Amino acid sequence: MLSIRRSNERGRFKNDWLDARPRFSFAEYYDPEQMGVSVLRVLNEDVIGPGGGFPNHPHNNMEIISYVLQGALEHKDSMGNGSTIRAGDVQRLSAGTGIIHSEFNPSATNKTRLLQIWLLPNRQNVEPSYEQKFFSAKEKQGRLALLVSEDGRNESIKANVDALIYGTLLGKEQVVIYTLSADRVAYLQVAMGSVEVNGNVLNVGDSVTIYAEAMIELIGSDNAEVLLFDLPLNKQTDRDND
């Protein structure tokens with residue numbers, strides 16, 4: 001079963017430096033029918049204008065993934081980490097017992113576009129931690145590259161969550177196939193371009209949740225960039241935003 005949600009069905013928040021498109025209920029956008037999929041609680045597409053960003057703010061007991069698509073994001077946190085992540089970088093922040101961080105677009109001229117992803121952790125009140133890794137286009141082209149996993153397998157980023165996150169780049173008619181276990185649910189987000197998923201065309205900003213489908217076939221249509229989440233079934237999805 002496929003449940004498709006189109007780009008224009010997402011929420012939206014816009015001010016002088018931020019254009020945010022939350023997929024699930026978040027901040028000013030509230031929809032009780034859109035509280036997440038399994039342990040995936042937040043997926044926001046954020047476009048941050050030059051010099052804009054989020055000043056110091058707290059989080060706790062959440063696994064936060066930043067996936068940069070365009071430009072750069074400058075990160076600083078209360079653990080002493082300071083870094084700039086760029087297109088191709090994936091950043092994982094385990095908030096655990098509590099952290100404070102800030103995120104800014106360091107450019108005075110260019111926009112930053114990224115996906116902000118929050119997942120419910122499988123353990124509460126762990127010691128906060130941070131990891132960042134670059135995944136090249138070559139690693140993702142025409143294949144599903146494992147970006148994040150619970151155990152750090154295949155040189156992926158290790159996270160405190162029962163989830164696998166894959167990234168792929170697909171040119172026209174390139175095909176990848178993913179086998180989904182019966183006790184798992186898949187969620188796909190089209191970050192760029194367009195792709196055909198089990199016979200359905202999805203464009204940039206579209207997403208699909210997939211239950212009870214043993215095989216997921218992705219066919220590139222127009223230079224697609226896609227994230228695929230492999231998640232457990234029957235997990236609590238509603239909780240307060242941190």
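Every number here is computed from the coordinates shown, using simple stated rules; none is lab data. The structure displayed is predicted, hence computed values, not measured ones. In this analysis, Cβ positions are derived from the backbone assuming ideal geometry, glycine residues included, and neighbour counts consider all displayed protein chains.
Quick notes
- Residue-span extension gain [Met1 to Tyr211] - 0.36 nm each, minus C-alpha spacing: 75.1 nm
- Kirkwood estimate for the chain, i.e. one over the average of 1/r between Cα atoms, Å: 18.0
- Helix-only CD estimate at 222 nm, as mean residue ellipticity for the chain, using -39500 (n - 2.57) per DSSP H run (n ≥ 4): 0 deg cm²/dmol
- Cβ-based net charge around Ser129, under 11 Å, with every Lys or Arg adding one and every Asp or Glu removing one: -2
- Mean separation of Cα contacts under 8 Å (6+ apart) over length of the chain, as relative contact order %: 20
- Summed side-chain charge close to Thr112 - residues other than Thr112 whose Cβ falls under 12 Å, Lys, Arg +1, Asp, Glu -1: -3
- Label-point gap, in nm, between Met79 and Ser102 - each point 7 angstrom along Cα→Cβ: 1.9
- Note on Val126 and Ala87: the model spin-label points, each 7 Å out from Cα along the C-beta direction, lie 3.2 nm apart.
- Shown for region 2-232: lysine pairs separated by 8 or more places, or found on different chains, whose C-alpha atoms are under 26 Å apart, numbering 13.
- Mean separation of Cα pairs under 8 Å and 6 or more residues apart, divided by the residue count, gives region 128-225 a relative contact order of 27 percent.
- Kirkwood hydrodynamic radius of region 129-211, from inverse mean 1/r over distinct Cα pairs, in Å: 14.0
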